Amino acid sequence: MFDEPVEADSGEAFEAFEEMLRQSVQFVINTEPDAEKFINLYTKLATDDFFEFFRYLDTEGKDELRCLARLFAIQIWNGTPLPSNNYRPQPLPLPKRNDPCFCGSGRKYKQCCARLDAGGLPLIATEMLTGLLLEQITQAELKQAYLHFSHDLLAFIAGEWAKEDEAMAKRALLLLDPIFKQPDAKLTHRDEMALDAMFEICSALDKPRKKSALIKRMMNHPVKVLQTAALHRQCTILSDQGKDDEAWACFKKAQRINPNDPALSHLEILLLMQQGKTDQMQQRGAYWIKRLGKMNRDGELDELIAMIKEMVSDTPTAMGNLIEHDTPGAARLIAWLKSACQSPPPLLNRIQVYDDASIIEPKNKRAAILERDWLKLLMYCDDPWEKPDKWLAELEAHPELAGSCNVLDDLIQMVRELDTPNPMLTFEPLLMLSMFQVKRLLPEQPKAPLEWGFIQNRPALRMLGFMIASMVQMDDQQTALEMMEWSLRLNPNDNEGMRSEVVNAYLQLGRNEDVVALCEHYPEDIDVSINFGHALALFRLGKEHAANKRLIEAIECSPRIPGALQHKRMKEPKSFHPGYITVGGEDEAWHYRECACDLWADTPGALVWLKRVAKVVK
């Protein structure tokens, strides 16, 4: 009968269930610590039709109803905190297998309710029973509850009470106020939920002075979590009062104290909304959705993410309007890209195979003319965003240019040059359009290499690189790896350095045979990830002789790597510049350590082996 726990729904059955629990908790208070007295009383009341809840259950006869009632009684007793037991539940022990079943059926336990132990008994949350208990104890007992219960649980219960009516809101205040009558030294980060609930209760009871005093006190509290919670409240109060500058100063202070606080997301979007900064709201909303997604390990931020999404719509258009003042033409470009995404035009390019090479060419004479005219426009623009009207007009007059890889590549480079936060997020339609057209143009398995040496091929290869970088930025590692593998099939010479990323990804996934196969295509490579990654894969595969030989060659080429991997910490070299790495240099060692330290550390015996071989090389 009870394959599922008793859960809340909107029907009358749950209301009857909740009322039954409320009455039962009172009976527990009246009969404790005598469990059998409560169980017998509850069972009699249930069989006498005292509880409306049992009318909703499908039972056959008085005997089955009595057994069922005893099961409920035992669950309620087991989950209710007992005042006589320091407000802790005192569950009844389970019968032994050959003892009479506790449901009163007369059968042995093993032949009756033992089968319900794994989850068939009606599950009633202790948290729910605690709330019902706290509703019924005296005010004096309520003020002592903080000494016995989790403050998070009390905060949840008080928050629910505050939503009901004034009487329950006052009871909620009695429940939580004693927590904050303690000295500051007694309060910890675990009191954050209780603090937020107190603010809500003060608002519900119209106690602005009490709320203000609590905020002022907590803004100077030594516990950062409590300090930032108070700053958040002060921030919204200032914004409500129209004191925008003070509100933002308060926000920035909270951000400095705890920059990784997820609650900053809702606060910032709310401030922007209150101040009518809808464009910025769109921008920051998109940023926060992405950031919160990375922070959301176990789904605890699902509700917050959903809330931010509800506050944000059509981000590219909004952000285009936002940056239009500093970057005239951005909104027009976004509008053009969105239109192209809705109805992508045919490709203006094709791949032609000549002997052992593939080359991208205009599809026909018309396509060649369109791309030539576009190129002429850009040739005389040192800064395309300084006077964007001409090239924007060309795009708007010829929507078919959205089918040109040359044009899309130019737009990607132009957008990357913008001095705006996260420009690729603003121009999301450009990513979508580029991905669509590249997948239409480039084959999964080319008949001949699409070599970087042919200038005509570079725009499409750069677009593929842009898509890979975007997937990495969005933390879609699987798609990024698949695209990097695709890039290596198209352009085995790998002028964009995809092979080192692929090797590290393979090692992370334990694809050691694939690492060896890939590295053997680059036997004289000076890339540190290829050399050391190849050696590590061979070591993992137990190929000791080949691994030693490859590692010696790697160390001779890059002698700083073993030391870098052995260090617990390593500072970034001052001479290090992104995109430029000195072969055998300290910057190379730092960069490789950042990429591959965990790969070596997680391979049993690898660092010891590395240290031993490095000594031989010296």
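Just a yes or no: is a residue in segment 542-550 within 35 Å of the chain's Cα centre (by Cα) and open to solvent by 20 Å² or more (accessible area, probe 1.4 Å)? Looking for residues that are within 35 Å of the chain's Cα centre (by Cα) and open to solvent by 20 Å² or more (accessible area, probe 1.4 Å), one finds none in segment 542-550, hence no. Residue count for segment 337-353 under the criterion of being open to solvent by 60 Å² or more (accessible area, probe 1.4 Å) and not in a strand (DSSP E or B): the result is 4. With respect to (1) within 24 Å of SER487 (Cα to Cα); (2) open to solvent by 40 Å² or more (accessible area, probe 1.4 Å); (3) in contact (Cβ under 8 Å) with a residue 12 or more places away in the chain, the lone exception for ASP514 is condition (3).
Residues considered: ALA140, ALA73. Of these, the only one that is at pLDDT 85 or above, exposed (fewer than 14 other Cβ atoms within 10 Å of the Cβ) and not in a loop (DSSP other than H, G, I, E, B) is ALA140.
Taken as a whole, the condition of being in contact (Cβ under 8 Å) with a residue 12 or more places away in the chain, over 23 Å from LEU607 (Cβ atoms) and part of a loop (DSSP other than H, G, I, E, B) applies to PRO492. Scanning segment 204-216 for residues that are part of a helix (DSSP H, G or I), more than 14 Å from ASP177 (Cα to Cα) and not hydrophobic (A, V, I, L, M, F, W, C), we see that the one that is least open to solvent (accessible area, probe 1.4 Å) is SER212.
Yes or no, residue by residue, for (1) within 23 Å of TRP336 (Cβ to Cβ); (2) over 36 Å from the mean Cα position of the chain (by Cα); (3) open to solvent by 50 Å² or more (accessible area, probe 1.4 Å):
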| site | (1), (2), (3) |
| --- | --- |
| ARG372 | yes, yes, yes |
| TYR380 | yes, yes, yes |
| LYS390 | yes, yes, yes |
| GLU394 | yes, yes, no |
| HIS398 | yes, yes, no |
| GLY403 | yes, no, no |
| LEU411 | yes, no, no |
| PHE436 | yes, no, yes |
| LEU481 | no, no, no |
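Within segment 233-262, the set of residues being hydrophobic (A, V, I, L, M, F, W, C) and surrounded by 16 or more Cβ atoms within 10 Å (Cβ to Cβ) comprises CYS235, ILE237, LEU238, ALA247, TRP248, CYS250, PHE251, ALA254. A Cβ distance below 8 Å, combined with a sequence gap of six or more or placement on separate chains, defines the contacts here; from segment 203-217, residues that are closer than 18 Å to GLN227 by Cα reach residues that are surrounded by fewer than 15 Cβ atoms within 10 Å (Cβ to Cβ) in the pairs LYS211/SER203; ARG217/ASP184.
Against the numbered list (1) open to solvent by less than 60 Å² (accessible area, probe 1.4 Å); (2) touching a residue at least 60 places away in the same chain (Cβ under 8 Å); (3) farther than 26 Å from ASP356 by Cβ; (4) not hydrophobic (A, V, I, L, M, F, W, C), PRO446 comes up short only at (3). When SER487, SER529 are screened for being hydroxyl-bearing (Ser, Thr, Tyr) and touching a residue at least 60 places away in the same chain (Cβ under 8 Å), only SER529 passes.
Identify, from the list SER313, SER239, SER265, the residue that is modelled with pLDDT of 90 or more and among the polar types (S, T, N, Q). Full working, then the answer.
Details: SER313 fails: modelled with pLDDT of 90 or more; SER239 fails: modelled with pLDDT of 90 or more.
Selected residue: SER265, the only one of SER313, SER239, SER265 that is modelled with pLDDT of 90 or more and among the polar types (S, T, N, Q).
For segment 560-574, the criterion of being under 16 Å from ASN512 (Cα atoms), open to solvent by 10 Å² or more (accessible area, probe 1.4 Å) and modelled with pLDDT of 90 or more is met by no residue. With the condition kept exactly as written, say whether any residue in segment 269-282 is within 24 Å of ILE334 (Cβ to Cβ) and at pLDDT 90 or above. No, there is no match, as no residue in segment 269-282 is within 24 Å of ILE334 (Cβ to Cβ) and at pLDDT 90 or above.
The values are calculated or read from the model by the stated rules, or taken from the named source; none is laboratory data. Please read these numbers as outputs of a predicted model, since none were measured by experiment. Here Cβ is always computed from backbone atoms with ideal geometry, including for glycine, and neighbour counts include all displayed protein chains. These accessible areas exclude ligands, DNA and RNA; they are computed on the full protein's heavy atoms, side chains included. Shrake-Rupley method; radii C 1.70, N 1.55, O 1.52, S 1.80 Å.
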